[in-house]
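Each value in this text was obtained by applying a stated rule to the coordinates, not by laboratory testing. Just so it is clear, the structure is predicted and the values come from calculations on it, not from any experiment. Neighbour counts are summed over all protein chains in view; Cβ atoms, including those assigned to glycine, are modelled from backbone coordinates with ideal geometry.
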Amino acid sequence: MIRDHYLDVSKLTTDTEIMSFFDVINRHGGVLRFVGGAVRDALKGISGSDLNFATDLSPEELVEICTDEGIETIPIGMKQGSVGVVFGNKVVEVSSLYKYVFNGDGTADIEFTDNWEEDAARRDLTINAVYADEQGNVFDYYNGIEDLEKGLIRFSGSADRRIQEDYLRILRYFRFYAMFGEGAPDKKAMEACKKNCKGLRKIPMERIRDELFKLIQTRHVAKSYRLIQENGILSYIMPDAAFIDDLDYFNSVAGEVSFEDDAVIKMFILYRPDAALAENLATRLKFSRHQRHLFVALAERKLDITKANERTYAQKMVYETSKDFVRGKLLTECTAKRELSAAVWKTYDQITQLPIKEFELKGKDLLTERLCTPEEVGKILKELEQVWIDSDFTLSKEELLAQVRTKKVV
């Protein structure tokens, strides 16, 4: 289906250099189109999505043309047909049309094609298989526009086949259902997700973690996560989350606001784990070192949220832990108590603006002035650090040393 001049291209980009690239490809006998998320979002009136392009040229032909035209390219994934094209400080991904060819052992190879409908067929969802050219003509081979308007999220062509090409598409399905779905999910899609969910075991845990994080950052994640649990989609790695309603509450209040470590904090809200479960989940999902530290700290450490808006208390807690912990604990505790308010976000911002304090006094400072023996250094430093904290971090190094000289600290 072709819809002439259906989309205002300025909703995709106003970059003249990028738009001139269409002329470059056309002059060399090729066709270039916008594709995927940027087109989908523009159709929904959403801006800011990363641009992706498709072309009927092979990766080698595309690189050769760009070289002849003095346009820099980056080999993102030549075997998968993806080339990065550089425009100033931007890199856009251009993918050659391809289809999957399945082997007898169930694996699939990529075969390049010049058939746009074949390329659309291998894309995961109908709403992501919509293309647009530089004139705003839209090419919709699987009724993605109509599905988007209806809030119907379904796979392009055979749901089983699309999932078996990449089992991570199961989680992608639930993410896009959370973002754009309305009403009950597509029956064929749900049946295929349940039938093939064991295939997720073949997916590296890092990919599952990243997709889960994307899912829980969507505003309407609750409806999707309930479906995931009810159908045992992730039961092989994830226990049931007991606090889906908490995350639904958080998102209803916070809306589309983004903040530091939002994925980790929302995962914590979803599970509200004790220290043992926090360690377990962090290990299973292969959290980064920072993510693990924050996730476990949220389970282990306490924060008096009634004092979090007091600068002295907040500064002390930031020094003893971190800004990430104090902000995260504030949000998770207030969510659990259903007390998330504008005042809480104001406190969150105040914590963000607190300076990072550093205890500058070192053991060598004590030893240089022979104020203690080497064996006493650790004990005295700890006492002086507490004196410094109790002074609201105001005492200077010299004032702290004076405490030792006058025997106020021994």
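Before moving on, here are some points about what is shown:
- Whole-angstrom gap from region 118-159 to region 186-228, using each part's C-alpha centre: 20
- In this simple spin-label model, placing a label point 7 Å from the Cα along the Cα-to-Cβ direction at both L367 and K195 gives a separation of 7.2 nm.
- Remark: region 287-292, residue by residue, has Karplus-estimated 3J(HN,Hα) of 4, 5, 4, 5, 4, 4 Hz, where x stands for each Gly or Pro and the curve is 6.51 cos²θ - 1.76 cosθ + 1.60 at θ = phi - 60°.
- Gain on full stretching of the segment that runs from S235 to D15 - 0.36 nm per residue minus C-alpha separation: 74.6 nm
- Amide H contacts of A108 (H built 1.01 Å from N, under 5 Å, at least 5 apart or other chain): N103
- Table column - 3J(HN,Hα) (Hz), region 308-323, Karplus curve with 6.51, -1.76, 1.60, x for Gly and Pro: 4, 8, 8, 4, 4, 5, 5, 5, 5, 5, 5, 5, 6, 10, 5, 4
- Pair A342, L277: separation of 7 Å Cα→Cβ label points (nm): 3.5
- By the beta-carbon count within 10 Å of each Cβ, the least crowded to most crowded order of W388, W345, fewest first, is W345, W388.
- For region 22-39, putting each phi into the Karplus relation 6.51 cos²θ - 1.76 cosθ + 1.60 with θ = phi - 60° gives couplings of 4, 5, 4, 5, 4, 4, 9, x, x, 10, 10, 9, 5, 8, x, x, 5, 5 Hz, in residue order, rounded to whole numbers and with x for Gly and Pro.
- About its Cα centre, region 265-307 has a charge dipole of approximately 160 debye under the convention of +1 per Lys or Arg Cβ and -1 per Asp or Glu Cβ, with nothing else charged.
- Per-residue Cβ neighbour counts within 10 Å put T218, T394, T126 in the sequence T394, T218, T126, beginning with the fewest.
- Given [x] 0.95; [y] 0.99; [z] 1.10, the label whose value is Rg/Rh (Cα atoms, Kirkwood Rh) derived from this model: [z]
- Euclidean distance between Cα centres, region 352-410 to region 39-54, Å: 56
- S252-D160 pseudo-label distance in nm [points 7 Å out on the Cα-to-Cβ vector]: 4.0
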